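Okay, so here's the structure we're looking at.
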Amino acid sequence: MRIKHLLVLGALFAISCAAPVDNDIDLRVEELLQQMTLEEKIGQMNQVSGGLQFKDEIAKSNVGSILNVVDPVEINAVQRVAVEESRLGIPILVSRDVIHGFRTIFPIPIGLASTFNTDIVEQGARIAAIEATASGVRWTFSPMLDIARDPRWGRVAEGSGEDPYLDSQMGVAMVKGYQGEDLSDPTCMAACIKHFVGYGAAEGGRDYNTTMISERALRNVYFPAFKACVEAGALTLMTSFNDVDGLPSTGNDWLLRDILREEWGFDGMVVTDWNSSGEMVAHGFAEDLKDATRISINAGVDMDMMSFGYLQYVKALVEEGKLSEATIDNAVRNILRLKFRLGLFENPYVDESLARQVAYAPEHLAAAKQAAVESAILIQNNNNVLPLKDVKTILVTGPLADAPYEQLGTWAFDGEAEHTVTPLTALRKQYDVIYEPALDYSRDCDMSKFGAAFEAAKRAEAVVVFVGEEAILSGEAHSLSQLNLQGAQSELIAKMRSTGKPVVVVVIAGRPMTIERDLENCDAMLYSFHPGTMGGEALADLISGRAVPSGKLPMTFLRDAGQAPFYYNHPMTGRPNNGTETLLNDIPVRAGQTSLGCTSYYLDTGYGPLFPFGYGLSYTTFEYSNVTIDKVEYAEGETIVVEYDLKNSGEYDATEVAQLYVRDLVGSVVRPVKELKRFERVTLKAGESKHCRFELPVADLAYWNRDMEYVVEAGKFQLWVAGDSASGSALDFVVK
Ligand code: BGC
C-alpha cells in the first residue's frame, strides 16, 4: 500500500492509527490538503455511481467516492487503483443505500418505527453495518429523517412517520448502530441523515414536489431529528430535491451554513442527492449546470452525487473568481476528515471472503425476526379470533403469502429473495396449510381463481389472507392518489368473508393504506409494513400466538386518501371537534343554506382518522391507572415525574408501548393539539402489574416561539399517559 503523505508525519501516525482522534486528523487533513492540486481537490468532491468502469478517472484523482458497488473484489480493485495509482493515494469512500439491512433485510423504516423500540433499531443498523462493511461499503445513505404526514407519498416507507420525537429517537438509534463505538473500526459505517429538509412535505404527496414550510415549522417539526442526529455524531448529511419556500435545499446557504454548520456545529460532510445540484436548472433556480455548481458549493455542499458539474466547472469557476479556493478547501477538508475518521487510510481493503461469512448470520436473522415481530400492528381482533389456537387446518390465500421478493420492501437492493422466509413457508411448520393464492400479485384484477379459494376454504377451519403492496409500489417516485388495496384484493377478502369461516387479513405494505372497507370483511387484521427477510416467521408466530403483537402506528391511518395530510399533532384550530358531526346522509334533502356544525371535518369521512397515531392492539388487554404527576406547578430547570400503574389484564404475556403526550394550552403562537414526549416498552406477564415512571425535564417543553426563540413559555399544560394518541385522561400542570 502506498500512502505517500503518511511518511511525512510518520511518528505521529504510528500512535494515532488505532483510533484516530480529531486533533491528529485535523493535522493530517491539513498536511494532505497542502499537497493537493486544485484538480485533485475537485476530484475528491465528485461521487460517481459505479466502480471499475471509472478506473482511469480514479487513477487521475477525479473521483472521491463511488456508490452502488457491493462486490468486495471490485471494491478492493477500485481501492487499489486509488491507493496505488493515483498521485496521492487517497482511498475511495464507498457508499450504498443500506436502508433497512444489507443482506439480512429488516422491516422497512416505517415498520422499524412501529416497534417504538430504539434498541432493536440500533441493533438492526449495527447488523446492517457489519454485513455491508464486510463488502467494503463504509457509508450508507440512511437514516431518512423526513417527517411524513401524507401516505400518498411513496417514501413514507423509508422514514419514521409523522412525529418529530419518534423520528429523532429512531434516527439517533440508527446513527449509533451504523457508526458503532469507534469510527475507525472496519465494521463502522458513516451514516447520512437525509433529506435535508422538508422533502416529506411534498405538496399533495407528489414526490419531488414543492413545499411551503415556515421557519418556525422547520424548527419545531422538520429540524429536530436532524439536530438530534448531528448531536449524536452523524458523519454526513444529504440535501433534498425539493424547494422550501422557493429555495431548493441544495442551494440554500441558510440551511447548510447558518443552521447546520453554525447553529448546530456540524463538522461532517454534506452531499447532494442524486443530481440535485443539476436539478436546480430544472427548478429554474440556476441558469445551467455551471451556475448550479457555483450555487451549491457556495451554499455549503461538499460533494456532488451524479451531476458531474463539480468535475466540469469548479476549476473555471475558481479561475473566474466565482468560487474561492478557500471554499473548495473547506469542502475538501470535510471529505478528507471523514475518510480519516473512518480509518480508510489505514484500512482501505477488505478481506474478500468476509462478506459471505457474515451475511445472514443466525443472530442477524434472529434480530430481523424479532424486529418484524415487534413491528406488526394488530389493527382489529373481533372476538379474539387471533391467535389461531386449537386450529389445525388453515387456508392461506392472497398475493403476498408467498412473495419472497415483495416482502423485502423498497430499497432492498442487496437482500436476496432466496433467503427470505415467506408466511406460507413459516405457517406450514405450524399448521396443515391449504394454499390457494387466488391472485398472482397485488395489482392483479383477475378473479377467475377466487372459486378455487372459496372451495378450499370449506376444508379449512380459518382463512388467512395476505394482501398489500408489491415492493415496487412504495419508495421513491411511487406516489399514489388513492390508497385502497390494489387490484381485486378487497374483493378477495369479501369473497373469503362469504365462506363464513373466521377471516384473518394480513396487510404487507409500504405505507398506511385505506383499509376501512376491508375491516368490515374480516375478523382480525394484522398490519405489517414490508417485514423483510424473516417476515414470514414473525407473522406465523404472531398468527399462532407464539408471539404477541406490540407494534404501534407511527402514522395516522386514514379512512380515505382525501383526508391527507392528516396527523395527530396538528396545530389547534379555532373550530375543534365539539363532538357533533353532520355527515352527508344526515343532511336533509333540499336543506337550506346553512353551515353544518362549523368545525374542522369532512362531510363524508367525519372528524377523526381511521386509527390514531400510536394505536395498536394486543392479544391481551392493558389497563392504565393511577396516573400522577409529582407536582402541579413546576419551575424551569425542574423535572416532571409522571407515575402510572400498568396492568396486563388479559391472558397473554405481552409488551405495551406506553406513551406520554403533552399539550401546551396557550402559546405565543398556536401549539399542537398533542405532542409525544416519551415512550416506553413495558413487558408484563399475564395478570402482572407494574408501577412505572417517566421523567420529563421541563426544558423538554421548549419550542420555537413567536420571537423565534427556543423557550419554555410559562403557562398551563396538560399531560396524558396512554396506549395511543387519542386515549387517556388529561392531567393539568403549570409551568411558572
Ligand atoms: C434518493 C436518495 C438516495 C440516492 C442514492 C436518490 O434518488 O433520493 O435517498 O440515497 O438516490 O441512491
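Output the residues belonging to segment 16-26 that are modelled with pLDDT of 75 or more and either among the polar types (S, T, N, Q) or out of contact with any helix residue (DSSP H, G or I) (no Cβ under 7 Å at 6 or more places or on another chain) (or both).
Quick first cut of segment 16-26, residues modelled with pLDDT of 75 or more only: 23-26.
Residues satisfying the conditions are Asn23, Asp26.
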Given the conditions (1) away from the ligand (no atom under 16 Å from the Cβ); (2) surrounded by 24 or more Cβ atoms within 10 Å (Cβ to Cβ); (3) not acidic (Asp, Glu), every one holds for Thr239 apart from (1)
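If I filter segment 56-71 down to residues being outside any helix (DSSP H, G or I) and of a type outside the set (A, V, I, L, M), which single residue comes out as nearest to the ligand (Cβ to nearest atom)? Break it down stepwise before answering.
Looking only at segment 56-71, we keep the residues that are outside any helix (DSSP H, G or I), and these are 60-71.
Now drop any that are not of a type outside the set (A, V, I, L, M), which leaves 60-62, 64-65, 68, 71.
Values: Lys60: 24, Ser61: 23, Asn62: 20, Gly64: 15, Ser65: 11, Asn68: 7, Asp71: 17 Å.
Within segment 56-71, the match that is nearest to the ligand (Cβ to nearest atom) is Asn68.
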Exactly one of Ser49, Ser95 is within 16 Å of the ligand (Cβ to nearest atom), among the hydroxyl-bearing types (Ser, Thr, Tyr) and crowded, with 24+ Cβ neighbours inside 10 Å, and that residue is Ser95
Note on Gly124: of the conditions (1) within 28 Å of Phe679 (Cα to Cα); (2) in a loop (DSSP other than H, G, I, E, B); (3) touching a His at 6+ places or on another chain (Cβ under 8 Å), unmet is (2)
Ala658: passes all of (1) outside any loop (DSSP other than H, G, I, E, B); (2) closer than 24 Å to Arg559 by Cβ but (2)
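Every residue, every condition in (1) buried (at least 24 other Cβ atoms within 10 Å of the Cβ); (2) within 14 Å of the ligand (Cβ to nearest atom); (3) under 23 Å from Ala225 (Cα atoms), yes or no:
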residue: Glu262; (1), (2), (3): no, no, yes
residue: Thr272; (1), (2), (3): yes, yes, yes
residue: Ala282; (1), (2), (3): no, no, no
residue: Ala286; (1), (2), (3): no, no, no
residue: Ile295; (1), (2), (3): no, no, no
residue: Asp304; (1), (2), (3): yes, yes, no
Selection from segment 132-156 of residues in a helix (DSSP H, G or I) and closer than 18 Å to Gly198 by Cβ yields Gly154, Arg155, Val156
Review point. Does segment 593-609 include one or more residues that are part of a loop (DSSP other than H, G, I, E, B) and under 23 Å from the mean Cα position of the chain (by Cα)?
Key: yes
Checked pairs for segment 707-721, first without any contact (Cβ under 8 Å) to a residue 12 or more places away in the chain, second among the polar types (S, T, N, Q) and assigned to a loop (DSSP other than H, G, I, E, B), C-beta under 6 Å and 6 or more apart or across chains, list as Val711/Asn705
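So, Met238, is that one under 27 Å from Arg341 (Cα atoms) and at pLDDT 95 or above or not?
Numbers: under 27 Å from Arg341 (Cα atoms): yes; at pLDDT 95 or above: yes.
When the stated conditions are applied, Met238 passes them.
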Within segment 142-189, the residues that are within 13 Å of the ligand (Cβ to nearest atom) and either in contact with a Leu (Cβ under 7 Å, 6 or more places away or on another chain) or over 26 Å from Asp22 (Cα atoms) (or both) are Met144, Leu145, Asp146, Trp153, Gly154, Arg155, Ala157, Glu158, Gly159
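With Glu581, Glu537, Glu491 as the choices, which residue is among the charged types (D, E, K, R) and part of a loop (DSSP other than H, G, I, E, B)? Break it down stepwise before answering.
Working: Glu537 fails: part of a loop (DSSP other than H, G, I, E, B); Glu491 fails: part of a loop (DSSP other than H, G, I, E, B).
Selected residue: Glu581, the only one of Glu581, Glu537, Glu491 that is among the charged types (D, E, K, R) and part of a loop (DSSP other than H, G, I, E, B).
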Return yes when Gly161 is at positive phi and not hydrophobic (A, V, I, L, M, F, W, C) and no when it is not.
yes
- prompt: Is at least one residue of segment 356-371 more than 23 Å from the chain's Cα centre (by Cα), in contact (Cβ under 8 Å) with a residue 40 or more places away in the chain and surrounded by 16 or more Cβ atoms within 10 Å (Cβ to Cβ)?
  reply: yes
The residue that is nearest to Arg103 (Cα to Cα), considering only those in segment 392-421 that are among the small types (Gly, Ala, Ser) and either out of contact with any strand residue (DSSP E or B) (no Cβ under 9 Å at 6 or more places or on another chain) or outside any loop (DSSP other than H, G, I, E, B) (or both), is Gly415
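Scan Phe717, Phe679 and give me the residue that is in a strand (DSSP E or B) and under 14 Å from Asp664 (Cβ atoms). Working first, answer last.
Working: Phe679 fails: under 14 Å from Asp664 (Cβ atoms).
The conditions single out Phe717.
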When Val503 is run through (1) within 18 Å of Asn383 (Cα to Cα); (2) surrounded by fewer than 22 Cβ atoms within 10 Å (Cβ to Cβ); (3) β-branched (Val, Ile, Thr), the failure sits at (2)
With the structure loaded, tell me whether Ser479 is assigned to a loop (DSSP other than H, G, I, E, B) and touching a residue at least 60 places away in the same chain (Cβ under 8 Å) or whether it fails that test.
yes
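The values are calculated or read from the model by the stated rules, or taken from the named source; none is laboratory data. Just so it is clear, the model here is predicted, and its values are computed rather than measured. Neighbour counts are summed over all protein chains in view; Cβ atoms, including those assigned to glycine, are modelled from backbone coordinates with ideal geometry.
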